[in-house]
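A.B. asks: One structure, pasted below without further comment.
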Amino acid sequence: MSRILITGMGLISAIGDSVKENRNSLQRERSGIGHIQFYQTAYAGKLPTAEVRHRTEELNRKLFGRELNPSITRTSLFALHAATEAILDSGLTQDYASVTMAIQERFGILGEVSTINTACSSSANAILYGARLIRHGFAKRAIVGGAESLAKFTINGFNALNILSSRPCAPFDRDRNGLNLGEGAAFLVLEKEEDARGKKNYASLTGFGNKNDAYHPSSNSPEGNGPFLAMKEALENSGLHEKEISHINAHGTGTENNDETESRAMLRLFEKVPSFSSTKSFTGHTLGAAGAIEAVYSILNLVHQEIYPSLSFQFPIPETGLIPVRHFAQQKILHVMSNSFGFGGNCSTLIFSKT
């Protein structure tokens, strides 16, 4: 079976307007979590978020060179920004592309266009879906990813669940008290190996899994069944042994439920849990964009042989005792696992490998 290669990447988040800028912030341990600035909400100054540091009008002028088109939302602008970087990075022309309707119009898309909504695992599942299209011969390449912008509806909804933190989130910490919402977008270009000959590539997508915990609308089961089964399926799909995973980009939201259940799932799957961290301590939880943003970070782990820390961690969870990576470091990395778990128990895991 031919490999699926990543030949292009694009990204915008609270810690940078490009893949390069994001990596620089990750290396410098510079979080994007701070006070709300760019929209009106009663929670400004109370609930920190990870905003992209541009007004919507500024993004519009940067992309289109004119005043805001009312039909183009902030979310679509993020998607266009990241998709443009990924498409240019991969050297594709406007003769092919496949992302969302806004991007379809922008690039003259001729391929299939699909939108996946599985909450926080949405863009991980978009990557998984694109990989399946390629593996089964329905596509030679796919542009996959996701976008999310902050809004009153989102903040009010998550606040009603009592899972928003009043301070920067501390994934996997004993005293964690919730997540910070974030915004941004990331896209990747996936290509079948035979159709990417002579092109640069960053890594290969070697495994993926999707399972449903089916336990609760917004929580994983205490045993972490969904996360465990998704990671297990991704390993089986890749043909790798658990000992071959070098690093895990954990879902790591900083909530009481997620971090303990994800820890339990890792302890069930791995005889010795590899190094792991949550980059949501940099970007906040970007919801529908999280899987794609963290896929790019996982690929950067492989390309540069480096790992990014979980910020704000102090004490391990007593029931599990796991300690995430606390500082930026160089490390030999061959295979990275990236976890994304959504509401309704929709759990997805991707595995990227060095080429």
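The values are calculated or read from the model by the stated rules, or taken from the named source; none is laboratory data. All figures in this text were calculated on a predicted structure; none of them were measured in a lab. All Cβ positions, even for glycine, are placed from backbone atoms using ideal geometry, and neighbour counts span all protein chains on display. Note: accessible area is taken over every heavy atom of the protein model, side chains too, but ligands, DNA and RNA are not part of it. Shrake-Rupley method; radii C 1.70, N 1.55, O 1.52, S 1.80 Å.
A.B. asks: Quick one: which strands (runs of 3 or more DSSP E) sit completely within segment 274-355 and have at least 1 residues that are more than 15 Å from the chain's Cα centre (by Cα) and of a type outside the set (Gly, Ala, Ser)?
C.D. replies: 335-341
A.B. asks: If you go through segment 220-237 one residue at a time, do you hit one that is part of a loop (DSSP other than H, G, I, E, B), in contact with a Lys or Arg (Cβ under 6 Å, 6 or more places away or on another chain) and buried (at least 18 other Cβ atoms within 10 Å of the Cβ)?
C.D. replies: yes
A.B. asks: So, one more: Among the residues in segment 32-44, are any farther than 30 Å from Arg141 by Cβ, open to solvent by 60 Å² or more (accessible area, probe 1.4 Å) and in contact with a Pro (Cβ under 9 Å, 6 or more places away or on another chain)?
C.D. replies: Looking for residues that are farther than 30 Å from Arg141 by Cβ, open to solvent by 60 Å² or more (accessible area, probe 1.4 Å) and in contact with a Pro (Cβ under 9 Å, 6 or more places away or on another chain), one finds at least one in segment 32-44, hence yes.
This table checks each residue for (1) closer than 26 Å to Asn177 by Cβ; (2) crowded, with 23+ Cβ neighbours inside 10 Å; (3) in contact (Cβ under 8 Å) with a residue 12 or more places away in the chain; (4) not polar (S, T, N, Q).
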{"residue": "Ile248", "(1), (2), (3), (4)": "yes, yes, yes, yes"}
{"residue": "His251", "(1), (2), (3), (4)": "yes, yes, yes, yes"}
{"residue": "Asn257", "(1), (2), (3), (4)": "yes, no, yes, no"}
{"residue": "Thr261", "(1), (2), (3), (4)": "yes, yes, yes, no"}
{"residue": "Arg268", "(1), (2), (3), (4)": "yes, no, yes, yes"}
{"residue": "Ser275", "(1), (2), (3), (4)": "yes, no, yes, no"}
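A.B. asks: Please determine, by comparing only the residues of segment 1-20 that are farther than 17 Å from Ala147 by Cβ and within 17 Å of the chain's Cα centre (by Cα), which one is least open to solvent (accessible area, probe 1.4 Å).
C.D. replies: Checked segment 1-20; the qualifying residue least open to solvent (accessible area, probe 1.4 Å) is Ile6.
A.B. asks: Can you name every residue in segment 178-207 that is in contact (Cβ under 8 Å) with a residue 40 or more places away in the chain and open to solvent by 10 Å² or more (accessible area, probe 1.4 Å)?
C.D. replies: Scanning segment 178-207 gives Lys192, Glu193, Glu194, Asp195, Lys199, Lys200, Asn201, Tyr202, Thr206.
A.B. asks: For segment 235-272, which residues satisfy the criterion of being among the polar types (S, T, N, Q) and either in contact with a Cys (Cβ under 8 Å, 6 or more places away or on another chain) or more than 20 Å from Asp173 (Cα to Cα) (or both)?
C.D. replies: Scanning segment 235-272 gives Asn237, Ser238, Ser246, Thr253.
A.B. asks: Restricting to segment 138-169, name every residue that is surrounded by fewer than 24 Cβ atoms within 10 Å (Cβ to Cβ) and either on the phi > 0 side of the Ramachandran plot or assigned to a loop (DSSP other than H, G, I, E, B) (or both).
C.D. replies: Result: Phe138, Ala139, Lys140, Ala151, Leu161, Asn162, Ile163, Ser165, Ser166, Arg167, Pro168.
A.B. asks: Regarding Ser25, is this residue among the hydroxyl-bearing types (Ser, Thr, Tyr), within 24 Å of the chain's Cα centre (by Cα), open to solvent by less than 50 Å² (accessible area, probe 1.4 Å) and under 22 Å from Lys152 (Cα atoms)?
C.D. replies: Against the criterion (among the hydroxyl-bearing types (Ser, Thr, Tyr), within 24 Å of the chain's Cα centre (by Cα), open to solvent by less than 50 Å² (accessible area, probe 1.4 Å) and under 22 Å from Lys152 (Cα atoms)), Ser25 does not qualify.
A.B. asks: Another question about this same structure. Just to be sure, is Ile299 buried (at least 18 other Cβ atoms within 10 Å of the Cβ) and either more than 23 Å from Glu85 (Cα to Cα) or modelled with pLDDT of 95 or more (or both)?
C.D. replies: Yes; evaluated as a whole, the condition is true for this residue.
A.B. asks: State which residue is surrounded by the fewest Cβ atoms within 10 Å (Cβ to Cβ) when the search covers only segment 45-56 and only residues that are out of contact with any helix residue (DSSP H, G or I) (no Cβ under 8 Å at 6 or more places or on another chain) and within 16 Å of Asn159 (Cβ to Cβ).
C.D. replies: Across segment 45-56, the extreme among qualifying residues is Gly45.
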